[in-house]
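Scroll down for the structure; my scribbles are underneath it.
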Amino acid sequence: MTELLGNKLCIDSLSNDVSNVSKVISSITSRLGQTNYLSWKYPDKLASDVDIADLLEMCEYDAKFEEENKISHLLLLELVIDRYSF
């Protein structure tokens, strides 16, 4: 499984997952109002205050930087957990 770490398709798929879950959360919270849940990944912030767009931009695949792709992959996995726990 470690050969998939940093894989372009995995990174793209996780980015789409994070984006889609964030859109659903935004839709729900727009009807329910502000929530006071802390982020799992960033416990010093409210989950609704985490700037997902900026994080997704940082996690884009780059063929030149294999190590950064692995870090992005792990960050995206953590963001999926963070969004689902929200």
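Of note:
- Of all residues in segment 1-20, those that are outside any helix (DSSP H, G or I) have Cβ atoms under 7 Å from Cβ atoms of residues that are exposed (fewer than 13 other Cβ atoms within 10 Å of the Cβ), 6 or more apart or on another chain, in GLY6/GLU66.
- Selection within segment 71-84 - hydroxyl-bearing (Ser, Thr, Tyr) and open to solvent by less than 70 Å² (accessible area, probe 1.4 Å): SER72
- SER27 vs. criteria without any contact (Cβ under 8 Å) to a residue 40 or more places away in the chain, of a type in the set (S, T, N, Q) and in a helix (DSSP H, G or I): yes
- Output for segment 48-61, where each listed residue is closer than 16 Å to TYR84 by Cα, out of contact with any helix residue (DSSP H, G or I) (no Cβ under 7 Å at 6 or more places or on another chain) and in a helix (DSSP H, G or I): ASP49
- Considering (1) in a helix (DSSP H, G or I); (2) open to solvent by less than 70 Å² (accessible area, probe 1.4 Å), the lone condition that THR35 does not fulfil carries the number (1).
- Taking every residue in segment 57-70 that is closer than 11 Å to ASN7 by Cα and open to solvent by less than 100 Å² (accessible area, probe 1.4 Å) and pairing it with any residue that is assigned to a loop (DSSP other than H, G, I, E, B) and aromatic (Phe, Trp, Tyr), at least 6 positions away or on another chain, the pairs with Cβ-Cβ distances below 7 Å are ASN69/TYR61.
- A single member of LEU9, LEU14, LEU5 is of a type outside the set (S, T, N, Q) and open to solvent by 90 Å² or more (accessible area, probe 1.4 Å), and it is LEU9.
The values are calculated or read from the model by the stated rules, or taken from the named source; none is laboratory data. Keep in mind that what you see is a predicted model, and the values were worked out from it rather than measured. So basically every Cβ, Gly included, is an ideal-geometry build from the backbone, and we count neighbours across all protein chains shown. Remember, those area values only see protein heavy atoms, side chains included, never the ligands or the DNA or RNA. Shrake-Rupley method; radii C 1.70, N 1.55, O 1.52, S 1.80 Å.
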